[in-house]
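Here's the structure, in structure tokens; my notes come after.
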Amino acid sequence: MIYLPSLISVLEVLIVTVPVLMTVAFITLAERKTMASMQRRLGPNIVGYYGILQAFADALKLLLKEYVSPTQANLVLFFLGPIITLIFSLLGYLVIPFAPGLSLNDLNLGILYMLAVSSLATYGILLAGSLRSTAQLISYELILSSAILLVVMLTGSLSLTVNIEAQRVI
């Protein structure tokens, strides 16, 4: 019973992140089927009933593909880069209030936390060897930070909950 709070925290994270990832997978499937119908072809309908298991087949194919890496690359860092990017991308969901009582962690500095975590995700892309994408992400972060700064100045708070409540008044 000592580990119950930790287990509850892990379950809360899974309850929030798994539906988001599943939604992205099925929106991708819907996009592929829409594009196929626009181009008058069948689209992904082989795996499962009407292609409903296509997202799982794509994930399995991605995991079982042959790894190709540059000859001079540090293999550990090259393969850790996407994992680091995924972890930091998912950490941003910790402070998002999904409903009036449903937030994994209600920080007073939630916006600052999200900006910091999204900036750390850039390191994973840098480790994977993509300097051009890293420069592009940094330039986008500057514009995003400027836009978020305007919202923070209007509400006077870095808390996501306070910012959402300020929008409710409008």
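Around THR34, with a cut-off of 15 angstrom between Cβ atoms, what is the net charge of the other residues, counting Lys and Arg +1 and Asp and Glu -1?
Working: positive: ARG32, LYS33, ARG40, ARG41; negative: GLU31.
Net charge in that neighbourhood comes out at +3.
Report relative contact order for the chain in percent, whole number only (criteria: Cα-Cα under 8 Å, sequence separation at least 6).
So the answer I get is 18 percent.
Take ARG40 and GLU165, extend 7 Å from each Cα along the Cα→Cβ direction, and tell me the distance between the two endpoints in nm.
In this crude label model, ARG40 to GLU165 measures out at 5.8 nm.
Near LEU94, within a Cβ-to-Cβ distance under 11 Å, what is the net charge of the other residues, with Lys and Arg +1 and Asp and Glu -1? Spell out each step's value before the answer.
Values: positive: none; negative: GLU12, ASP106.
Computed value for this residue: -2.
Would you tally the net charge around LEU160, using a Cβ to Cβ cut-off of less than 14 Å, leaving LEU160 out, and scoring K and R as +1, D and E as -1?
Net charge around LEU160: -1.
When only Cα pairs under 8 Å and 6 or more residues apart are kept, what is the percent relative contact order across segment 1-65?
Working: 26 pairs, mean separation 11.9, N = 65.
The normalised contact order for segment 1-65 reaches 18 percent.
Report D for the chain in µm² per second (integer): Stokes-Einstein, Kirkwood Rh on Cα pairs, 20 °C, 1.002 mPa s. All intermediate terms of the calculation are to be shown ahead of the outcome.
Details: Rh = 19.3 Å.
Answer, rounded: 111 µm²/s.
Percent relative contact order of segment 20-107, based on C-alpha pairs within less than 8 angstrom and at least six residues apart?
Normalised by residue count, the contact order of segment 20-107 is 12 percent.
What's the FRET efficiency of VAL76 with ASN108 using the Cβ-Cβ distance as r and R₀ = 45 Å, to the nearest 0.05?
Efficiency, rounded to the nearest 0.05: 0.75.
Would you kindly state how much longer the chain becomes between LYS61 and LEU149 on full extension, computed as 0.36 nm times their sequence separation minus their alpha carbon distance, in nm to one decimal?
On the way: separation 88, 0.36 × 88 = 31.68 nm, distance 4.15 nm.
Result: 27.5 nm gained on full extension.
All of the numbers you see were taken from the coordinates with simple rules; none came from a lab. Since we're looking at a predicted model, the values are computed, not measured. Methodologically, a virtual Cβ is constructed for each residue, glycine included, from the backbone with ideal geometry; neighbour enumeration extends over all protein chains shown.
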